[in-house]
Amino acid sequence: MLENFMKSKILVTGGAGYIGTHTCIALYEAGYDVVVYDNLSNSSREAINRVSTLIGQTIEFIESDIRDAEVLKQVFASHEFFGVIHFAGLKAVGESVSKPLLYYNNNVGGTITLLEVMAEYNVKNLVFSSSATVYGDPENLPINEGSPRSCTNPYGQSKLAVEYILEDLAISDNSWNLIALRYFNPVGAHSSGQIGEDPNDIPNNLMPYISQVAVGKLDKLSIFGNDYPTVDGTGVRDFIHVTDLAQGHVAALNYLEQRTSSINHSDMTKPVGFLPINLGTGKGTSVLELVFAFSDVSRQAIPYQFTDRRAGDIASCYASADKAKTLLGWQAELSIADMCRDTWRWQSMNPNGYTKVV
Ligand code: NAD
Ligand code: UFG
């Protein structure tokens, strides 16, 4: 039914992952044609199968590593891409501290290989997954895109390094159009309950930890610190529903399509260059507020205890989302209750993630 409206073809690296799967659905619904490229290092074929079921057609999937230039070249030679959404990367902060070379090799080296192949095939439109982590411990809240950048761990440094590379690339050649979307804290799951976040091990992040306590896989949540200068002493973050985040990628691509078509037809339009944009709600929620909201929605008790602060954590972090609204016409729509409800649906329907369905 959507074929008649089929727009451009997009390569989605890391498209089998948490944010990638949700974005593939949003892209398909917006009429984009999608090719997923993923080495499945942190995801599964089952996730791709479920995306295909949800959109009612088989998604084209290439199982390979972005560091493999030869495979990438074959893919670019056999498709005509408008652009690339580049999710592929490793994301565990703690692991990045013990395996920095792996993180730099994969996240920075992999991105350089991808950019080289894009240049060779003259595909110069990119949406990159950056992170609010590039702001370090912010001086001012809400955080806008002009805030100073600094990072304290190899994962964050790898995101920052890629941002610098993209900036230099845009300066070197103004035919590149490079958007870095700085995500705040993505949570939630698809409203079908069929796809969601599936951590490999004991979760590092708050929402999957809470949901695994709720479903009985973990005994109790440790809340890292209750003496921060916040509303209730616990950390404050800008949680954003992954479905809203996915729509932000569609908005970024639409923006690139409009801008590149007007560049082609008017000398008056400036190139996009390197464009960083926050994707957040603009609202802060504390750890305790999220625990209570999840408990309300799921009607499950979430036992918790306060423990010491986690090394490297900051007190508060939330976005100014004005730039996304002004430039992309995008803003987050879904509430904290929606995020908890959809996480709970995914968790309770798939207590063991993609590996076992009940
Ligand atoms: P994810 O791990 O679920 O997805 C990443 C995908 O990339 C996985 O499917 C993995 O198999 C794939 N991948 C990793 N290295 C690859 C390689 N060398 N070649 C091919 N595929 C590779 O993570 P996610 O939460 O969906 O995050 C997507 C992107 O967004 C990542 O770059 C991450 O750093 C960034 N990000 C995530 C968050 C978050 O909290 N989830 C916050 C800010 C930024
Ligand atoms: N927290 C707990 N207990 C837990 C897990 C987390 O109390 O078991 C607290 C943390 O101390 C923090 C808040 O919950 O105050 C959020 O922690 P997360 O680990 O969920 O998220 P972070 O804000 O630390 O980091 C996340 C991603 C990073 C990303 C950053 C900004 O993990 O990769 O958001 O996008 F860079």
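Read the figures in this text as sums done on the coordinates, not as results from a lab. From a predicted model like this one, the values you see are computed outputs, not experimental measurements. Cβ placement follows ideal geometry from the backbone for every residue including glycine, while neighbour counts extend to all protein chains displayed.
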Worksheet item: Got a sec to turn the phi values of segment 123-128 into Karplus ³J(HN,Hα) couplings, 6.51 cos²θ - 1.76 cosθ + 1.60 with θ = phi - 60°, whole Hz, x for Gly and Pro?
Response: 9, 10, 10, 9, 10, 9
Discussion item. Residue by residue through segment 13-24, what is 3J(HN,Hα) from phi via Karplus (6.51 cos²θ - 1.76 cosθ + 1.60, θ = phi - 60°)? Round to whole Hz and write x for glycine and proline.
Written reply: 7, x, x, 8, x, 4, 6, x, 5, 5, 6, 4
Practice prompt. Report, largest value first, the span of the C-alpha coordinates of segment 23-144 along each principal axis, in whole Å.
Written response: 45, 31, 27
Worksheet item: Check Leu279: other-chain or 5+ apart residues with amide H under 5 Å from its amide H, H built from backbone geometry?
Response: Arg182, Tyr183, Phe184
Worksheet item: When the chain is modelled as a GNM with alpha-carbon springs shorter than 10 Å, which of Ser131, Ser98, Ser335 fluctuates the most?
Response: Ser98
Practice prompt. Name the long-range amide H neighbours of Ser8: under 5 Å, sequence gap of 5 or more, or other chain; modelled H, no Pro or chain starts.
Written response: Asp33
Practice prompt. Return, ordered by residue number, the residues of segment 82-104 whose backbone nitrogen is under 20 Å from a label point located 7 Å along Cα→Cβ of Ala311.
Written response: 91-104
Fill in: Percent RCO, i.e. relative contact order, over segment 191-283, from Cα pairs under 8 Å lying at least 6 residues apart
18
Item to complete: Could you compute the FRET efficiency for Asn49 and Gln74, with r as their C-beta to C-beta distance and R0 at 35 Å, rounded to 0.05?
Response: 0.90
Worksheet item: Using the alpha-carbon centroid of each, what span in Å lies between segment 18-42 and segment 289-342?
Response: 24
Worksheet item: Name the residues of segment 318-358 whose amide N is less than 13 Å from a point 7 angstrom out from the Cα of Val231 along the C-beta direction?
Response: 318, 336-337
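Could you list Thr230, Thr111, Thr355, Thr152 so that the one with the fewest beta carbons within 10 Å of its beta carbon is first and the one with the most is last? Walk me through the numbers on the way to the answer.
Working: Thr230 18, Thr111 24, Thr355 9, Thr152 15.
Listing Thr230, Thr111, Thr355, Thr152 from fewest to most nearby Cβ atoms yields Thr355, Thr152, Thr230, Thr111.
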Item to complete: Using a 10 angstrom cutoff on alpha carbons, build the Gaussian network for the chain and name the most mobile of Ser295, Ser211, Ser78.
Response: Ser78
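Between Phe292 and Glu139, how high is the FRET efficiency from 1/(1 + (r/R0)^6) when r is the Cβ-Cβ distance and R₀ = 25 Å? Nearest 0.05.
0.25
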Worksheet item: Ile59's amide H: which non-local residues (gap 5+, or another chain) put their own amide H closer than 5 Å, with H modeled 1.01 Å from N in plane and none for Pro or chain starts?
Response: Ser52
Worksheet item: Could you give the nm distance between label points at Lys99 and Ser150, where each point is 7 Å from its Cα heading toward the beta carbon?
Response: 2.9
Practice prompt. Diagonalise the Cα gyration tensor of the chain and give the resulting equivalent ellipsoid semi-axes, square root of 5 times each eigenvalue, largest first, whole Å.
Written response: 32, 24, 19
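So for segment 9-349: antiparallel DSSP bridges make up what percent, rounded to the nearest 5? Numbers along the way, then the final one.
Values: 2 of 42 bridges.
Here the share of antiparallel DSSP bridges comes out near 5 percent.
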Practice prompt. Step through the residues of segment 150-155 one at a time and calculate ³J(HN,Hα) from phi using the Karplus curve (6.51 cos²θ - 1.76 cosθ + 1.60, θ = phi - 60°), rounding each to whole Hz and writing x for Gly and Pro.
Written response: 6, 9, 10, 9, x, 4
Worksheet item: If you line up the Cα atoms of segment 1-63 on their principal axes, what length do they span on each, largest first, in Å?
Response: 35, 20, 17
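If each DSSP helix of 4+ residues adds -39,500 (n - 2.57) and the sum is divided by the residues in the chain, what number results at 222 nm, nearest 500 deg cm²/dmol? Write down the numbers at each step before the final one.
Values: 11 runs with 132 residues, N = 358.
So the calculated ellipticity at 222 nm is -11500 deg cm²/dmol.
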